[in-house]
Amino acid sequence: MKTLNKALVIAWKDILSETRTKEIISSVLVFSILVIVIFNFAFSGSQQTMISLAPGILWVTFAFAGVLSLNRAFIQEKDDDCLEGLMMCPVGRETIYLGKMLGSLFFMLFVEAIVLPVFALLFNVNVISLPLIAITVLTTLGFVTIGTLFSALAVNTKAREMVLPILFFPIVAPIIISAVSASGMALGGESWGSISSWLGVIAAFDVIFLVVSYFVFSFVIEE
Amino acid sequence: MKAAANGLAIEVKNLTKFFDNHPALDGIDLTVEPGKTLAIFGPNGAGKTTLIKILASIMKPSAGEVFINGFDIKHNAEDVRSQIGVVSHQTFLYSNLTAYENLLFYSRMYDVADFKQRIYQVVSMVGMQLRMHDRISTLSRGMQQRLSIARCLIHKPSIILLDEPETGLDQQAISMLWGALKEDGVKKRTIVFTSHSLERGLNACDKLIILNKGKIAHLQPSKGLDLAGLEKAYGICTGAGNENAE
Amino acid sequence: MKIKILLGVSTVLMLVALYMVFIFAPETESGVVQRIFYFHIPLAWIAFLAFFVVFVASIMYLWKRDIKWDAFASSSAEVGLVFTTLFLLTGSIWAKPEWGVWWTWDSRLTSSLILWLIYIAYFIIRSYISEEGQRARFSSVIGIIGFIDVPIVVITIFLWRTAHPRIEAMDPRVTATLMVSIATFTALYFLLFALRLAMKQDEDKLNRLKAFLRR
Amino acid sequence: MDNLGYLFAAFAVIWAGLFTYILVLTQKQRQLRRDIDWLKETLKKSE
């Protein structure tokens, strides 16, 4: 309970800082919409083709947006020289991980909440439905669990902006595949039953990586 | 707060830290009694900052043991951290948040009771009441450093670690720093600091060490030692005369 | 000494394997290309074994903080990467006559490709870090996460799509050949691993000497 | 059967790959040994 409490304090600090600059949310939002627009130029077709392409486009957009926003999570901390200040606080390393993760989760969900309706509008597909929201939340959770760990790792290396994507994409490949498949089914109007096997894969991924990252995080930030 | 078994505030046994097969600290043995002030001198790269970071439990030793108020930094890191305050040349303040928000954040992290009152208290201690609701990024370096002192004191730590705190501080702020450390209603506050200035360091400490190449080259109480004597000892220890002032 | 024994064992096994693959094993209906499998499957197995060694050595490093375990992990990762590369290439060569294309997004091809990319990333990140302890810590984390990812990748992609042939009831001679082949590649793995490890240890020795001189 | 070509190619790839790797290893190894010997030599001289 104490851990969660402190983690929320850290997340609150990140969110408050973000409301001042809107650095992450604005750039990620603009980026996401640009990607969608470019995809629209790249694939123009009938409504039917658009529906079959929509899940792929949506998740490519979110995956790239995720990398962009996760990259910032620790860069800000490092640029302010605050990571050590945070590490001096009487909390476990896991708490720092949870806090940073919750902050990133909030930013991602915030961006997605805006991008999804825009996407629905531009592509004329109905992406605002209960199954799709469930898929989005679970997948985003998967992105940030592993992304927060690698973001902390990346910021301590020489080529910090490069490291996160080359680690992140292969590791989250299964979750992107699952999200695309599940979203395709949801858009095709299939029942919960068939979507749930994919949701199961995503949830399993979330749980496994949350647990593993929680435990190995201290090795990433400790010298 | 649990009392230390042997009554020592800081106890370091055979502390060693390797970087790339190269010892940054090499078999350090050190004790500091509660309420005493220890000065650490030494040229750049002697291991001063590494030692401070290990005492603050943000860096892990490669070998050896460290006890802070009787707590082992390996197994009771959180207890250790709650009793330590650090001021270094980095301020550890978030530039997009205001001074008040920064202090609020840290007081929550350290579980400070009555935090509103305590924040006003530490802010007035460093004379920053008027700029309390300004963003850190709009404040000068010296003001940020003063707030960093307030941040360090917010949880009433019994041990203070200062790593070159005088970098970026003006004369007035320096005396404010020492004043704030002494006031603040905590008896027997233990202070460990590193310094380039032999003169100021000598006046403030009860005991001093000179680090060179990761080893303690000189250890003695400061009583009866004058500046000339210290300069001579420093020159012998570092083998480079007194050319440390950068 | 150990290396010489391993070299001898691998050579003998390799000759036996070659004989069995080309002469002893019977022709199946898939034709002559099917014989690629006697090397293709062991390669996959051993790559997996190599990455398992990386996983275990990574855990050991984080636990014991002995740089020796980092040498184990990185050496095994390198051999595993070589084997995965060969596995991907032979699979591709097999796919061309069988499916008419060099590459298809079949489950195992895709999962192997992702596996390959993860360990490529492992080495890229190693090259970005100069401090020995930090490099060992970070690559251990990647070695652990990367390996845990493997089953998830496989399950996901299997659910996603598969065209890969399943192994059905086999002629005992086929089984025997496959077994000998797996043994051969296992010996080869340990040979390469031992070579790489010895080298890695020399590298460390060298670095220590250099650090000593620098002081 | 012209598929024999593919079989041949697959084996060629395996052998070429393994030999290249071993070659790279031995080359690197030799270089390392040389470096170490040189260092030891210079150390001895400096003593």
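Using a Gaussian network model of chain C in which every pair of alpha carbons under 10 angstrom is joined by a spring, one finds that among C:TRP94, C:TRP63, C:TRP116 the greatest mean-square fluctuation is at C:TRP63. Taking the 1.4 Å solvent-accessible surface of the protein assembly as shown as the whole, the part contributed by carbon and sulfur is 63%. Axis of helix B:141-153 versus longest Cα principal axis of chain B: the two differ by about 90°, to the nearest ten degrees. Computed with a 1.4 Å probe over protein heavy atoms only, the accessible surface of region A:2-221 comes to 35 Å² per residue. Each Lys or Arg adds one and each Asp or Glu takes one away; over the other residues whose Cβ falls under 12 Å from the Cβ of B:LEU139, this sums to +3. As an exercise, use a Förster radius of 60 Å and the Cβ-Cβ distance of B:GLU231 and A:VAL30 to find the FRET efficiency, rounded to the nearest 0.05. For B:GLU231 and A:VAL30, the calculated efficiency is 0.50.
Each Lys and Arg Cβ is given +1 and each Asp and Glu Cβ -1; about its Cα centre, region A:2-221 then shows a dipole of about 160 debye. Once R0 is set to 41 Å, what does the formula 1/(1 + (r/R0)^6) return for the Cβ-Cβ distance between B:LYS188 and B:ASP134, expressed as a FRET efficiency to the nearest 0.05? My answer for the efficiency is 0.75.
Exposed loop sites were defined as GluC sites (Glu not before Pro) in DSSP loop states (anything but H, G, I, E or B) carrying at most 10 other C-beta atoms within 10 Å; in chain C the longest segment without such a site runs C:30-167. Each peptide in C:99-106, A:96-103, A:17-24, C:40-47 was scored by the mean count of other Cβ atoms within 10 Å over its residues; highest first, the order is A:96-103, C:40-47, A:17-24, C:99-106.
Each of B:SER195, B:PHE67, B:VAL80 was placed along the dipole of chain B (beta-carbon charges, centred on the mean Cα), and the one lying farthest toward the positive end is B:VAL80.
Classify the protein assembly as shown as rounded, prolate or oblate, taking a ≥ b ≥ c as the square roots of the eigenvalues of its Cα gyration tensor: rounded when a/c is under 1.5, otherwise prolate if a/b is larger than b/c and oblate if not. It comes out oblate by the Cα gyration axes. If a spin label sat at a point 7 angstrom from the Cα of A:GLU94 along the line to its beta carbon, the backbone N atoms of region B:38-80 nearer than 16 Å would be those of B:75-79.
Loop-resident trypsin sites (Lys or Arg not before Pro) (DSSP state other than H, G, I, E or B) in region B:1-85 with no more than 11 further Cβ atoms inside 10 Å of their Cβ: B:LYS2. Summed over the residues of region B:1-148 and divided among them, the accessible surface reaches 39 Å² per residue at a probe radius of 1.4 Å. Looking only at B:ARG200, B:ARG131, B:ARG151, which one moves most when chain B is put into a Gaussian network model with springs between Cα atoms under 10 Å? Of the options given, B:ARG200 has the highest mean-square fluctuation.
Rounded to the nearest 10 degrees, what's the angle between the helix C:172-214 long axis and the longest principal axis of chain C, both from Cα atoms, 0 to 90? Taking Cα atoms only, the helix is inclined about 20 degrees. Shown for chain A are the DSSP H helices of 24 Å or more along their axis, judged by Cα atoms, with a mean Kyte-Doolittle hydropathy of at least 0.0: A:23-42, A:47-79, A:93-123, A:130-155, A:160-187, A:192-221. Computed with a 1.4 Å probe on the full set of protein chains, the accessible area for C:SER74 sits at about 10 Å². Taken about its Cα centre, chain C carries a charge dipole of about 940 debye when Lys and Arg each add +1 at the Cβ and Asp and Glu each add -1 at the Cβ.
Total Å² of accessible surface buried at the A-B contact, 1.4 Å probe, nearest 100? Buried surface at the A/B interface: approximately 2800 Å². With respect to chain B, whose longest principal axis is taken over its alpha-carbon atoms, helix B:115-125 is tilted by about 60°. Given a 1.4 Å probe and the protein chains as shown, C:ASP70 ends up with an accessible area of around 10 Å². Gyration tensor over the Cα atoms of chain C: the corresponding equivalent ellipsoid has semi-axes (square roots of 5 times the eigenvalues, largest first) of 35, 22, 13 Å. The helix-based estimate of mean residue ellipticity at 222 nm for chain A, built from -39,500 (n - 2.57) per DSSP H run of four or more residues and divided by its residue count, is -30500 deg cm²/dmol to the nearest 500.
Derived from the Cα gyration tensor, the three semi-axes of the equivalent ellipsoid of region B:24-137 are 31, 17, 14 Å, largest first. For chain C, the solvent-accessible area with a 1.4 angstrom probe is 44 square angstrom per residue.
The values are calculated or read from the model by the stated rules, or taken from the named source; none is laboratory data. Computed from a predicted model, the values in this text were never measured in an experiment. Here Cβ is always computed from backbone atoms with ideal geometry, including for glycine, and neighbour counts include all displayed protein chains. Remember, those area values only see protein heavy atoms, side chains included, never the ligands or the DNA or RNA. Shrake-Rupley method; radii C 1.70, N 1.55, O 1.52, S 1.80 Å.
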